[in-house]
Amino acid sequence: MRVARFIACTLWLVAIGIVAGGVALQAYQVRLPGAPAALTFVDAPASPQTLAATGPAAGTKCPVDKAYENEDTGGMQPDAVAAWLLTVRAGEAAGKTLCLNDGKRSLQQQQAEYDDQVRRYGAQWAADHVLTPEQSMHVKGLAVDVQPLTSARWLEETRGALGWCRRYGNEAWHFEYDAKYKRMGCPVLQAQPGA
């Protein structure tokens with residue numbers, strides 16, 4: 001399997017502790033097959049501005065599937081942005097195009113999504129399938145919805161090596177970022193949000 005070989009044979013990860021401005025950062029380097037140099041990204045702590053930020057209203061069309069948007073990373077946490085950009089490059093090296101169909105959401109955007117699901121399907125269904133703004137990793141700037149689904153499957157096959165893990169069995173497109181996934185792999189899938 002191409003992805004397994006990519007992960008097992010060509011991916012090497014080096015964690016280097018850095019202290020900058022009194023804040024501990026974690027830098028990582030990843031060497032991709034055929035790349036002339038290692039790619040580097042840095043995990044940084046969350047900022048209060050990230051939690052208050054509003055996500056982009058829309059992006060350009062996904063170049064490989066025009067049914068989906070390809071948003072920019074505006075409002076996402078810096079470490080998640082760096083990991084996403086690295087993931088896009090890793091996908092390109094594996095022949096995949098990853099589109100960010102949905103990233104950062106504001107509290108109001110997530111509440112509107114939750115309220116819409118209550119209106120359409122009822123309160124219990126919404127509680128079982130949609131997270132409140134206080135629970136949503138989109139609001140925290142640490143989640144992406146990846147399209148097309150072939151690219152989402154590729155990202156899932158990396159098993160957290162790039163910091164992204166699929167979290168819900170009923171959402172093949174939804175991935176959450178956590179630096180520890182690079183060391184520990186992905187946690188067990190939950191059946192659905194709110195489960």
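Every number here is computed from the coordinates shown, using simple stated rules; none is lab data. It should be emphasised that the depicted structure is a prediction, and the values quoted were computed from it without experimental measurement. Every residue, glycine among them, receives a Cβ derived from its backbone with ideal geometry; neighbour counts consider all protein chains shown.
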*Please determine, by comparing only the residues of region 155-178 that are in contact (Cβ under 8 Å) with a residue 40 or more places away in the chain and part of a strand (DSSP E or B), which one is farthest from L98 (Cα to Cα).*
Y177
*Output the number of residues of region 125-148 satisfying the condition of being touching a helix residue (DSSP H, G or I) at 6+ places or on another chain (Cβ under 9 Å) and part of a helix (DSSP H, G or I).*
4
*Applying the selection to region 98-128, what residues are in contact with a Pro (Cβ under 6 Å, 6 or more places away or on another chain) and either over 24 Å from M76 (Cα atoms) or surrounded by fewer than 18 Cβ atoms within 10 Å (Cβ to Cβ) (or both)?*
L107, Q111
*Checking A152 against (1) over 23 Å from E71 (Cα atoms); (2) aliphatic (A, V, I, L, M); (3) touching a residue at least 12 places away in the same chain (Cβ under 8 Å), which test does it fail?*
(1)
*Would you point out the residue of region 107-163, among those that are under 17 Å from the mean Cα position of the chain (by Cα) and of a type in the set (S, T, Y), that is nearest to A191 (Cα to Cα)?*
S136
*Condition test on A191, is it over 19 Å from T87 (Cα atoms), of a type in the set (G, A, S) and touching a helix residue (DSSP H, G or I) at 6+ places or on another chain (Cβ under 8 Å)?*
no
*Out of all the residues in region 98-120, is one or more within 19 Å of G160 (Cα to Cα), touching a residue at least 24 places away in the same chain (Cβ under 8 Å), in a helix (DSSP H, G or I) and among the small types (G, A, S)?*
no
